[in-house]
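To start, the structure itself, in structure tokens.
The values are calculated or read from the model by the stated rules, or taken from the named source; none is laboratory data. Please read all numbers here as calculations on a predicted model, not as lab measurements. Cβ placement follows ideal geometry from the backbone for every residue including glycine, while neighbour counts extend to all protein chains displayed.
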Amino acid sequence: MTRIAVLSAGSWGTSMGAVLADAGNQVILHARRPDLAAAINSRRENPYYLPGISLPEAVTATTDEAEAVRDAEVVAVSIPAQTLRENLTRWAPLFTDDTVVVSLMKGIETGTGLRMSQVITDVTGIPSDRVAVLSGPNLAREIAVRQPAASAIACTSESVASRLQALTQTPYFRPYTTTDVIGCELGGAVKNVIALAVGLATGMRLGDNSRAVLITRGLAETARLGLALGADPLTFSGLAGVGDLMATCASPLSRNRTFGEHLGRGLTLAQATAATSQTAEGVKSAESVLQLARRHGVEMPITEVVVSVLHGRITTLQAAAQLMERVPRAERYTA
């Protein structure tokens, strides 16, 4: 039985912990709150993030970071993207020379423009062939109740990706492997920004045509940036691209779409943050994505409008007008 640490007992970390346990592994969740760790251990439930859902016996929790990571062959990290560097600085001495780190996060670091796997290698010194990314249509609650789902596991090492595939395979969770780490991470990060735009449109009571335009042109933006950074364009037609984008933009379970809806209905940024309650990664990553695009000369008009709305530079009505007033052009997927 493989011992796996999941650093975070939030909704996604807990859901992925349950998947790993159902796949036959021993899973240790790291929880910051003693009452949450106690509830998981005594009641087999995460009452704060996944109330009413039973967790496997092979999932336990601790507030001790060292205890969580001790003897773990694999460490999965699922924390807000902008806190990763700070937390990794503290965790890095706990990792061994053989530790495989899996990023469950979907964001771009503010200031540096680094993807999460790049932050992991930068802080820990772990080589990229032992850092993997899991991405796809990952709505935590659906997976926690064991509805059929699939994801992509990306690593530059095919053998590491295949090993992680075996460690996550269950009757309801189907992992696929790829070596396109860049494409998987960009798909996961940018789809959050596009989901904010779709949420804005939904909150403004715009219809399915408007949402379909945002989703398809948002996918084009993602692919353009991916191509500029060296991703395989085909990745964006798969689970980590259009699959994740569709789930995040269509589901009321999506934090980013929900956040955008709050803004579209007239709430302020602070009010939308309070109403959403959990982290909407696109809010913090939107400007980082835009800066990364500008650095590489990539045009991303939807992302640019979302950033302007988040910073209060334009209203939601002005956002819609700006997108519709753009100069007409031929439709291209990657140019």
Notebook entry, point to check: Can you name the helices (runs of 4 or more DSSP H) wholly within the stretch 241-329 that have at least 2 residues being within 23 Å of Pro80 (Cβ to Cβ) and under 21 Å from the mean Cα position of the chain (by Cα)?
Noted result: 244-250, 255-264, 269-276, 281-295, 301-310
Notebook entry, point to check: Can you tell me which residue in the stretch 178-209 is farthest from Thr316 (Cα to Cα), limited to those that are without any contact (Cβ under 8 Å) to a residue 60 or more places away in the chain and over 17 Å from the mean Cα position of the chain (by Cα)?
Noted result: Thr179
Next item on the list: Find the residue count for the stretch 259-306, including only residues that are more than 19 Å from Ala321 (Cα to Cα) and in contact (Cβ under 8 Å) with a residue 40 or more places away in the chain.
Entry: 22
Check: Looking at Arg295, Arg257, which one is in the same structural domain as Ala319 (by TED's automatic domain parsing), surrounded by fewer than 20 Cβ atoms within 10 Å (Cβ to Cβ) and among the basic types (Lys, Arg)?
Finding: Arg295
Notebook entry, point to check: Can you spot a residue in the stretch 132-147 that is surrounded by fewer than 17 Cβ atoms within 10 Å (Cβ to Cβ) and without any contact (Cβ under 8 Å) to a residue 12 or more places away in the chain?
Noted result: no
Notebook entry, point to check: Picking from Ala201, Ala132, Ala150, which residue would you name as being touching a Gly at 6+ places or on another chain (Cβ under 7 Å) and within 25 Å of Asn46 (Cβ to Cβ)?
Noted result: Ala150
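Across the stretch 1-29, what is the number of residues that are within 17 Å of the chain's Cα centre (by Cα) and part of a loop (DSSP other than H, G, I, E, B)?
Looking only at that region, the number is 3.
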Check: Taking the stretch 260-282 only, how many residues are surrounded by 24 or more Cβ atoms within 10 Å (Cβ to Cβ), modelled with pLDDT under 90 and in contact with a Ser or Thr (Cβ under 8 Å, 6 or more places away or on another chain)?
Finding: 1
Next item on the list: Might you let me know whether the stretch 30-41 holds any residue that is surrounded by 15 or more Cβ atoms within 10 Å (Cβ to Cβ), assigned to a strand (DSSP E or B) and β-branched (Val, Ile, Thr)?
Entry: no
Notebook entry, point to check: So which of Ala240, Ala247 ends up being within 16 Å of Ser135 (Cα to Cα), surrounded by fewer than 23 Cβ atoms within 10 Å (Cβ to Cβ) and in contact with a Ser or Thr (Cβ under 8 Å, 6 or more places away or on another chain)?
Noted result: Ala247
Note to self: Going through Glu185, Glu158 one at a time, which residue ends up being of a type in the set (Asp, Glu) and buried (at least 22 other Cβ atoms within 10 Å of the Cβ)?
What the structure shows: Glu185
Next item on the list: Might you let me know whether the stretch 58-68 holds any residue that is among the hydrophobic types (A, V, I, L, M, F, W, C) and surrounded by fewer than 15 Cβ atoms within 10 Å (Cβ to Cβ)?
Entry: yes
Margin query: Looking only at the stretch 89-120, count every residue that is surrounded by fewer than 17 Cβ atoms within 10 Å (Cβ to Cβ) and among the polar types (S, T, N, Q) and tell me the total.
Written below: 4
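Could you tell me which of the residues Arg85, Arg44 is farther than 30 Å from Thr112 by Cβ, modelled with pLDDT of 95 or more and basic (Lys, Arg)?
So the residue among Arg85, Arg44 that is farther than 30 Å from Thr112 by Cβ, modelled with pLDDT of 95 or more and basic (Lys, Arg) is Arg44.
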